[in-house]
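Below is one structure, written out as structure tokens; the observations come after it.
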Amino acid sequence: MPTLTFTDISLLRPTPSLLPFPCPLKPTEKLRIHRLPLKLRCSIAEESKISPSKLSPNLNAADAATADCVIIGGGISGLCIAQALATNHSAVAPNVIVTEARDRVGGNIITVERDGYLWEEGPNSFQPSDPMLKMVVDSGLKDDLVLGDPNAPRFVLWNGRLRPVPSSPTDLPIFDLMSIGGKIRAGLGALGLRPPPPGHEESVEEFVRRNLGDEVFERLIEPFCSGVYAGDPSKLSMKAAFGNVWKLEQTGGSIIGGTFKAIQEKNKAPKQPRDPRLPKPKGQTVGSFRKGLTMLPEAISKRLGSKVKLSWKLSGVKKLDNGEYSLTYETPEGLVSLRSRSVVMTVPSYVASSLLRPLSVCFFCSHWQIGTSFTFILHECLHPAYSIHPELIVIFILGCKFT
Ligand SMILES: Cc1cc2nc3c(=O)[nH]c(=O)nc-3n(C[C@H](O)[C@H](O)[C@H](O)COP(=O)(O)OP(=O)(O)OC[C@H]3O[C@@H](n4cnc5c(N)ncnc54)[C@H](O)[C@@H]3O)c2cc1C
């Protein structure tokens, strides 16, 4: 009899949230980002067989049927996990439920269409990696996929001017975002002429300044890092946030040494056949859908059917003597309870922290305070006759996309 590998409470990556109230926690010293591996294949799931029990004097948590896995949060993480479980592990986890506090799925993903405009109020695009494309195709959205122009330039505002970022090795000698001295420092550091790694886990800032110098950090990595994570690179862990680059130094003794080693290993490894259904992006680009990002969570939720419970806000978690979890929800029908063999938390970190604290199941709840960054999206529709003065708009924002 196969067993599940996630028989306890799992915590997915802490993410920023758009909740309209301030995060009650202080910034953390180190924020580790745990990535969700998106290796998914989707199929239409069966109807949920789990019946919740209403909490009343005559009916308690023990009366409810037991789910194999309850996922807290119907954002993209929760939905992807549910989809993967329903598709790849339905034999061992036939009864999976996703519970979402709001009356819609998607979490941070909020696409709005109004007055002939379509805009995103949360994330605006994703990286079209193969696992992600597989999820898109399996969700039935292949024809709705929109990929960006890989040749569209990227710029960093430096010393009052927008300067192009190098997009290929041939740009390296000529791009004017860095000085000649800064480029030489970066090159020597990448070859291994730099201080050795310290004994502790380095932040992004520490790693980049040590390996590639101050200019690479200040002019390339800091803008990139705040654009991707909206986080503070002096607090983000290099290993967690940019694990692939961190590994290069570990395996090859330097960034360039590690790159060569990785290429050699890739060439030696047997080639995995690529799923022929997947579209092939032409170069580095980003993706979305014809009607915005919200199409993805909505498509997955539709396939999961009654396994997704909306307006179910988890308010309490208890561990029962038999090892199962008892979950209490506030719902429009009043308090209801569910029992489950395993629970996956995909809620923002500060919500998870307060929900899990009474269980004291982990170091995380009792010792860790997790920082959350809040970001706001501003949309500006420009008439082609208007131009934007860079100093007016770029100084106080993380980044700007022209579409
Ligand atoms: C402004 C902004 C821009 C971004 N831009 C990009 C981008 O361009 N590209 C990109 O890849 N990423 C981007 N991100 C990050 C991306 O949006 C998140 O990583 C992703 O949406 C996180 O999804 P999630 O499911 O993990 O969490 P969430 O989307 O936060 O979902 C968690 C869900 O849990 C629910 N929940 C909370 N409490 C409870 C409870 N007690 N009971 C039940 N449910 C509960 C919430 O309602 C929510 O639906 C951006 C984020 C923000 C905020």
Legend entry - helices (runs of 4 or more DSSP H) within the stretch 226-316 that include 3 or more residues away from the ligand (no atom under 15 Å from the Cβ) and assigned by TED's automatic domain parsing to the domain that holds residue 208: 243-252, 255-268
Inset, instruction - Please enumerate the residues belonging to the stretch 345-361 that are under 17 Å from residue 77 (Cβ atoms) and either open to solvent by 10 Å² or more (accessible area, probe 1.4 Å) or polar (S, T, N, Q) (or both). - result: 346, 347, 348, 349, 350, 351, 353, 355
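Being within 19 Å of the chain's Cα centre (by Cα) and at pLDDT 95 or above narrows it down to one residue among 255, 300, 263; which is it? I'd like the intermediate steps shown before the answer.
On the way: 255 fails: within 19 Å of the chain's Cα centre (by Cα); 263 fails: within 19 Å of the chain's Cα centre (by Cα).
300 is the lone residue from the list that is within 19 Å of the chain's Cα centre (by Cα) and at pLDDT 95 or above.
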Legend entry - Pairs, first more than 12 Å from the ligand (Cβ to nearest atom) in the stretch 115-136, second among the polar types (S, T, N, Q), C-beta under 7 Å, six or more apart: 118/111
Inset, instruction - Identify all residues within the stretch 190-244 that are acidic (Asp, Glu) and either within 22 Å of the chain's Cα centre (by Cα) or closer than 20 Å to residue 163 by Cβ (or both); write none if there are none. - result: 201, 202, 205, 214, 215, 218, 222, 232
Legend entry - Lone qualifier among 86, 91, 67 - being within 16 Å of the ligand (Cβ to nearest atom) and small (Gly, Ala, Ser): 67
Inset, instruction - Sort out which residues of the stretch 240-264 are more than 16 Å from residue 196 (Cβ to Cβ) and surrounded by 17 or more Cβ atoms within 10 Å (Cβ to Cβ), and write them in order of number. - result: 240, 241, 242, 245
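Tally up the residues in the stretch 119-172 that are of a type in the set (Asp, Glu) and either in a loop (DSSP other than H, G, I, E, B) or open to solvent by 60 Å² or more (accessible area, probe 1.4 Å) (or both), please. Before the answer, list the steps.
Going through the stretch 119-172, the residues of a type in the set (Asp, Glu) turn out to be 120-121, 130, 138, 143-144, 149, 171.
This time we only want the ones that are either in a loop (DSSP other than H, G, I, E, B) or open to solvent by 60 Å² or more (accessible area, probe 1.4 Å) (or both), so: 121, 130, 143, 149.
Count: 4.
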Inset, instruction - Could you tell me whether any residue of the stretch 321-329 is surrounded by 22 or more Cβ atoms within 10 Å (Cβ to Cβ), in contact (Cβ under 8 Å) with a residue 40 or more places away in the chain and touching a helix residue (DSSP H, G or I) at 6+ places or on another chain (Cβ under 6 Å)? - result: no
Inset, instruction - Quick one: count up the residues across the stretch 308-330 that are modelled with pLDDT of 95 or more and basic (Lys, Arg). - result: 2
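The values are calculated or read from the model by the stated rules, or taken from the named source; none is laboratory data. These numbers come from a predicted model, not from an experiment. Don't worry about glycine lacking a Cβ; one is built from the backbone with ideal geometry, like all the others, and counts go over all protein chains shown. Surface areas here come from the heavy atoms of the whole protein model, side chains and all, with no ligands, DNA or RNA. Shrake-Rupley method; radii C 1.70, N 1.55, O 1.52, S 1.80 Å.
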